[in-house]
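*Asks:* Here it is, the structure, as structure tokens.
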Amino acid sequence: MVAKTKILIIGASGLLGSKLYEQLSEQYKIIGTCFKNKAKNLYTYDLAKKNLTIFKETKPDIVIHTAGITDVDYCETNQEEAYKINVAGTEKVIQGCKLNDSKLIYLSTDFIFDGKKGSYIEEDLPNPLNYYGKTKLKSEQLVKGSGLNYIIARTSFLYGSKQNKKFVSWCINKLNNEEYITLIADHMRTPTLVDDIAEALNALILKKRQGTYHLTGSEKLSPFSMAVRIAEIFNFDKKYLKPITSHKLNWAAQRPKNTSLNIQKLQQEGIQMSSFVEGLEKIKEQKK
Ligand SMILES: NC(=O)c1ccc[n+]([C@@H]2O[C@H](COP(=O)([O-])OP(=O)(O)OC[C@H]3O[C@@H](n4cnc5c(N)ncnc54)[C@H](OP(=O)(O)O)[C@@H]3O)[C@@H](O)[C@H]2O)c1
């Protein structure tokens with residue numbers, strides 16, 4: 001019998017990591033890590049520690065690195081910690097991959113771009129506006145210079161059926177409670193269903209692809225337009241949705257205006273990503 005390819009998911013307790021763990025388990029031997037959100041099936045692993053035991057013990061063929069500090073404002077006000085976890089932590093994952101010559105799949109972000117242009121292709125010049133984006137770009141550079149077989153998968157505005165505090169469930173909860181919500185109408189993102197990322201990564205693994213790919217939903221929308229679609233699909237009253245422009249908000253970290261990503265390179269591989277409405281319909285189905 002041929003042994004299954006072994007994948008180590010760093011950050012398998014996160015929004016994306018938990019979906020990757022669930023969906024890729026069908027085809028691969030999956031090992032996952034958590035940090036604060038402990039789970040019986042996951043190893044506890046801290047990116048701040050020098051310990052590479054997990055790599056030595058598990059000897060994965062592929063490492064998918066989704067972990068880190070993803071709170072953009074927290075990164076801005078805690079830069080030393082953000083560097084330690086997001087950048088130095090990625091350096092450690094690279095060292096771990098080198099022990100077994102594992103392929104490294106690094107999850108990056110649309111926030112490496114300054115948002116002045118939109119519809120960014122993989123070769124466009126990055127220029128992050130905030131510290132989170134800077135840590136992710138620095139990590140991309142480390143991955144590219146590592147000599148490993150790698151994929152950098154840049155994604156944007158994740159959503160899925162199991163998220164708690166994140167955008168889609170937050171909107172559903174607010175609308176369900178008939179609370180008014182103000183939403184940004186002048187920033188564009190490409191919302192991405194985590195299930196689609198699992199499928200796209202699986203396809204790229206099977207095709208033995210390397211390099212940088214944009215992995216996002218097929219539609220660019222503002223958070224306000226996303227909320228309108230959520231209200232429509234889940235049958236809530238749209239009167240509770242109020243558009244707002246970004247200059248009225250006082251964030252710690254500056255946000256890029258239009259970070260929509262072009263996914264033609266991915267589509268040319270025959271990989272399809274859902275529109276936001278298609279993604280919401282899938283979530284609705286999963287919640288039944
Ligand atoms: N969310 C988005 O909209 C978005 C957009 C673009 C790109 N991305 C990228 O996509 C990836 C996944 O994002 P996500 O939203 O799924 O992240 P998330 O839900 O915030 O999960 C982050 C993961 O990192 C782990 N982690 C945090 N600090 C750690 C530490 N010190 N040591 C080890 N593990 C640690 C967490 O573990 P515990 O939960 O157990 O503490 C969790 O498993 C990230 O690389 C992010 O930059 C996300």
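The values are calculated or read from the model by the stated rules, or taken from the named source; none is laboratory data. Keep in mind the model is a prediction, meaning the values are calculated, not measured. Cβ atoms come from the backbone with ideal geometry, glycine included; neighbour counts cover every protein chain shown. These area figures cover heavy atoms from the full protein model, side chains too; ligands, DNA and RNA do not enter into them. Shrake-Rupley method; radii C 1.70, N 1.55, O 1.52, S 1.80 Å.
*Asks:* Please determine, by comparing only the residues of region 185-197 that are open to solvent by 20 Å² or more (accessible area, probe 1.4 Å) and aliphatic (A, V, I, L, M), which one is farthest from the chain's Cα centre (by Cα).
*Replies:* Initial filter on region 185-197 (open to solvent by 20 Å² or more (accessible area, probe 1.4 Å)): 185-186, 188.
Filter again for aliphatic (A, V, I, L, M), leaving 185, 188.
Values: A185: 22, M188: 16 Å.
The residue in question is A185.
*Asks:* Residues to consider are L42, L99; find the one that is aliphatic (A, V, I, L, M), open to solvent by 80 Å² or more (accessible area, probe 1.4 Å) and either in contact (Cβ under 8 Å) with a residue 12 or more places away in the chain or more than 8 Å from the ligand (Cβ to nearest atom) (or both).
*Replies:* Within the list L42, L99, the selection yields L99.
*Asks:* To continue, here is another question. Considering only residues that are in a strand (DSSP E or B) and either touching a residue at least 60 places away in the same chain (Cβ under 8 Å) or crowded, with 22+ Cβ neighbours inside 10 Å (or both), which ones fall in region 23-33?
*Replies:* I30, G32, T33 - these are the residues of region 23-33 that are in a strand (DSSP E or B) and either touching a residue at least 60 places away in the same chain (Cβ under 8 Å) or crowded, with 22+ Cβ neighbours inside 10 Å (or both).
*Asks:* Now for a different question. Inside region 45-84, can you point out the residues that are buried (at least 20 other Cβ atoms within 10 Å of the Cβ) and free of Cβ contacts under 8 Å to residues at least 40 places away in the same chain?
*Replies:* Y45 - this is the single residue of region 45-84 that is buried (at least 20 other Cβ atoms within 10 Å of the Cβ) and free of Cβ contacts under 8 Å to residues at least 40 places away in the same chain.
*Asks:* Keeping to region 239-258, report how many residues are in a strand (DSSP E or B) and open to solvent by 60 Å² or more (accessible area, probe 1.4 Å).
*Replies:* Final tally of qualifying residues: 2.
*Asks:* Of all residues being open to solvent by less than 30 Å² (accessible area, probe 1.4 Å) and among the small types (G, A, S) in region 128-146, which is farthest from the ligand (Cβ to nearest atom)? Just the residue, please.
*Replies:* The qualifying residue farthest from the ligand (Cβ to nearest atom) is S146.
*Asks:* Take L20 and tell me if it is part of a loop (DSSP other than H, G, I, E, B), open to solvent by less than 40 Å² (accessible area, probe 1.4 Å) and out of contact with any Cys (no Cβ under 6 Å at 6 or more places or on another chain). Show your work before the answer.
*Replies:* Working: part of a loop (DSSP other than H, G, I, E, B): no; open to solvent by less than 40 Å² (accessible area, probe 1.4 Å): yes; out of contact with any Cys (no Cβ under 6 Å at 6 or more places or on another chain): yes.
When the stated conditions are applied, L20 does not pass them.
*Asks:* While we're looking at this one, here's another question. When you scan region 109-139, how many residues do you find that are in a helix (DSSP H, G or I) and either over 24 Å from D71 (Cα atoms) or touching a residue at least 40 places away in the same chain (Cβ under 8 Å) (or both)?
*Replies:* The qualifying residues number 10.
*Asks:* Considering only region 49-80, state which residues are assigned to a helix (DSSP H, G or I), among the hydrophobic types (A, V, I, L, M, F, W, C) and either within 9 Å of the ligand (Cβ to nearest atom) or out of contact with any Phe, Trp or Tyr (no Cβ under 9 Å at 6 or more places or on another chain) (or both).
*Replies:* F55 - this is the single residue of region 49-80 that is assigned to a helix (DSSP H, G or I), among the hydrophobic types (A, V, I, L, M, F, W, C) and either within 9 Å of the ligand (Cβ to nearest atom) or out of contact with any Phe, Trp or Tyr (no Cβ under 9 Å at 6 or more places or on another chain) (or both).
*Asks:* Also, I was wondering about something else. Could you check F236 against (1) over 21 Å from the mean Cα position of the chain (by Cα); (2) part of a helix (DSSP H, G or I) and say which number it fails?
*Replies:* (2)
*Asks:* If you don't mind, another one. Pick out the one residue from Y106, Y83 that is within 11 Å of the ligand (Cβ to nearest atom) and not in a loop (DSSP other than H, G, I, E, B). Break it down into steps so the answer makes sense when it comes.
*Replies:* Working: Y83 fails: within 11 Å of the ligand (Cβ to nearest atom).
Criteria check complete, one pass: Y106.
*Asks:* Mind checking which residues of region 109-127 are surrounded by fewer than 17 Cβ atoms within 10 Å (Cβ to Cβ) and within 13 Å of the ligand (Cβ to nearest atom)?
*Replies:* Answer for region 109-127, where residues must be surrounded by fewer than 17 Cβ atoms within 10 Å (Cβ to Cβ) and within 13 Å of the ligand (Cβ to nearest atom): there is none.
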